[in-house]
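The values are calculated or read from the model by the stated rules, or taken from the named source; none is laboratory data. Keep in mind the model is a prediction, meaning the values are calculated, not measured. Because the Cβ atoms are built from the backbone with ideal geometry, glycine has one as well, and the counts that use them run over all protein chains shown. Heads up: the accessible areas ignore ligands, DNA and RNA and are worked out on the full protein's heavy atoms, side chains in. Shrake-Rupley method; radii C 1.70, N 1.55, O 1.52, S 1.80 Å.
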Amino acid sequence: MATTSRTPHAPPVPEMADEERRELEAVAAILGNASRLQRLVLYLGAKYFQGESDQLHEYEIATDLFGRSRETFDPAEDAVVRVEAHRLRKRLKEFYEGPGKDHEIQLCIPAGSYVPVFLHQSPHPEPAEIGPPPNQLRRAPRNILLAASATLILILTTVAVALLRHHGAGGQLAPRSAPTPPSAQAPTGPVGAHLPLRILAGYSGRPQVDSTGAVWLPDQYFHYGGRSEHPEAFVLRTGDPMLYQHWRDGFFSYDIPLSPGYYELHLYFNRTAKNPNLESLSTFSIAANGQPLLTSFDIATDAMGDNIADERVFRDIGPGKDGILHLYFTSERAPGELNALEVLQGLPHRLLPIRILTQPVSFTDHSGQFWLPDNYYLGGYAAQGQATVTGADDPGLYAGERYGNFSYAIPVDPRDQYTLILHFAELYFGPNASGVGGAGTRVFRVLCNGNTLLDNFDIYKEAGSLHPLTKTFYHLKPTAQGKLNINFEPVLNNATISAIEVLDESK
């Protein structure tokens, strides 16, 4: 059964809105009259249908719905919203696995967000899964594989080894040829996959929804390999841990049909402590259409540790002459692994812009630019709804902050240079905010890949309190692992940031 969802902040089509309202009312009816969960789901629904999804953050829900004081509420000490939202997600899961399983519209509240998402179940079945039958999905000794499977693996291994010998090792991104321009592509071929394509590798359940409202499909387009899961894994540097709860491993491939054009490929990895017998350096290689993407790739080394989300990004990806993007995962010192993959419509020779809010929900600004919820961070604390910034075209960009001693590791294509735009506002110190402190009260530094961008930086000294301040830095080079590592280090009191932009400078 196919599943689709709408962007959470898009206004509902009238007919669709009526159907979604009826589903929300049906859910509310099973939650019990005047219960906290019923009040919560009706409140979230009301904001959603009134086009006020941007107000659905922890501070507003706690003060509007649960009676917390706007002056004293501290989300770090009072988890009432997170607790009730967790209970609501659990009840929704139970409902749609039980009496509501046949509902054509199903309500969910993605983890890390409080914005309702309505999944519309199509009565038409999905195309048949590409790959071996379910009873062949678990790993098996090579000596009991079918002869045809063994032959295919031998061929793929020979090709992969030859490529590795030719291009060398080192875990770096090897040069790749750009896809053939659309005008030169063959006019016929397989029908392209529906984009954006998001796949949870090794997962076979219902489609999942992430913190932006995007739908991730169960595994498809794969050949061979095993599948594993670790649903309770604690993963750092991600706002969507569900991306890393399942994985495909071993010697496997993906054959994804694509129309002619340029695409952006995102691969998601996480090395858990699931297998103590793995070598300390557990390398494998990845190739696309016969050209290496990564060689001697080790997840833990790339991510700087176990249980840390690692994302690699590749621009200028395209189908082969047969209209298929062929991805091969080949063992070296350990089996290949993949948690999730994403294929986006790309731009020629440069990455799509990356825009991140330090808030739990996504945001669309006055120019129509989409900002992701907080992601890629390690350390610090998040706060929302403390004050309103004036003098900004989009005050919503400054409705929250990450503060403390923290960092971001933003994945990019390592071949390019980037412009970094940091958005600040002094939300706490100064007479227009708490009334406490002023110039010299908050001082911190910002570094990117070890190079100092800002030293003894004082937001209040440059912009006062509750006013936007942006700092722009050009020609930043990523690490060999394809990361812009941005560190925020306190000098006096906490460092802070409200939003981050990364723009590819390639032409």
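Listed by first and then second residue, the pairs with beta-carbon distance under 6 Å, at least 6 apart or on different chains, first residue in the stretch 214-242 and within 24 Å of Gly305 (Cβ to Cβ) and β-branched (Val, Ile, Thr), second open to solvent by 30 Å² or more (accessible area, probe 1.4 Å) and not in a loop (DSSP other than H, G, I, E, B), are Val235/Pro241. Against the test of being small (Gly, Ala, Ser) and under 30 Å from Gly213 (Cβ atoms), the options Ser367, Ser296 yield a single qualifying residue, Ser367.
Selection over the stretch 226-261 of residues that are on the phi > 0 side of the Ramachandran plot and open to solvent by 40 Å² or more (accessible area, probe 1.4 Å) gives a count of 1. The residue list Leu24, Leu37 contains one member that is among the hydrophobic types (A, V, I, L, M, F, W, C), modelled with pLDDT of 85 or more, buried (at least 16 other Cβ atoms within 10 Å of the Cβ) and under 28 Å from Thr364 (Cβ atoms), which is Leu24.
Which members of the stretch 405-447 meet the condition of being under 23 Å from Ala309 (Cβ atoms) and of a type in the set (Asp, Glu)? Passing the criteria: Asp413, Asp416. When the residues of the stretch 248-290 are filtered to those that are under 23 Å from Ser204 (Cα atoms) and acidic (Asp, Glu), the one that is modelled with the highest pLDDT is Asp255.
Is it true that Tyr328 is part of a strand (DSSP E or B) and in contact with a helix residue (DSSP H, G or I) (Cβ under 7 Å, 6 or more places away or on another chain)? Yes, satisfied.
The strands (runs of 3 or more DSSP E) found entirely in the stretch 394-507 that carry 2 or more residues being surrounded by fewer than 21 Cβ atoms within 10 Å (Cβ to Cβ) are 400-411, 418-425, 443-448, 451-457, 468-476, 483-492, 499-504.
Under the condition of being within 27 Å of Pro260 (Cα to Cα), open to solvent by less than 60 Å² (accessible area, probe 1.4 Å) and at pLDDT 90 or above, the residues counted in the stretch 188-206 number 6. Selection of first residues in the stretch 66-87 that are over 14 Å from Leu56 (Cα atoms) and of second residues that are in a loop (DSSP other than H, G, I, E, B), restricted to Cβ pairs under 6 Å at least 6 apart or on distinct chains, gives the following pairs, ordered by first then second residue: Val80/Phe66. Scanning the stretch 125-138 for any residue that is at pLDDT 50 or above and part of a loop (DSSP other than H, G, I, E, B) turns up nothing.
Considering the stretch 332-374 alone, what residues qualify as being part of a loop (DSSP other than H, G, I, E, B), of a type in the set (A, V, I, L, M) and within 26 Å of Gly192 (Cβ to Cβ)? Across the stretch 332-374, the qualifying residues are Leu351, Leu352. Within the stretch 475-487, residues that are within 10 Å of Arg415 (Cα to Cα) sit with their Cβ atoms under 6 Å from residues that are open to solvent by less than 50 Å² (accessible area, probe 1.4 Å) and at pLDDT 95 or above, at 6+ positions apart or across chains, in these pairs: Pro478/Val412; Pro478/Pro414; Pro478/Leu484; Thr479/Asn449; Gly482/Arg312; Gly482/Pro411; Gly482/Val412; Gly482/Pro414.
Within the stretch 291-305, the presence of a residue that is farther than 22 Å from Leu484 by Cα, open to solvent by 10 Å² or more (accessible area, probe 1.4 Å) and not polar (S, T, N, Q) is excluded. Tell me, yes or no, whether the stretch 175-184 has at least one residue that is crowded, with 19+ Cβ neighbours inside 10 Å, more than 30 Å from Pro360 (Cβ to Cβ), at pLDDT below 90 and not basic (Lys, Arg). Yes; the residues of the stretch 175-184 include at least one that is crowded, with 19+ Cβ neighbours inside 10 Å, more than 30 Å from Pro360 (Cβ to Cβ), at pLDDT below 90 and not basic (Lys, Arg). Considering the stretch 89-111, the residues that are of a type in the set (A, V, I, L, M) and touching a Pro at 6+ places or on another chain (Cβ under 8 Å) include one that is surrounded by the fewest Cβ atoms within 10 Å (Cβ to Cβ), namely Ala111.
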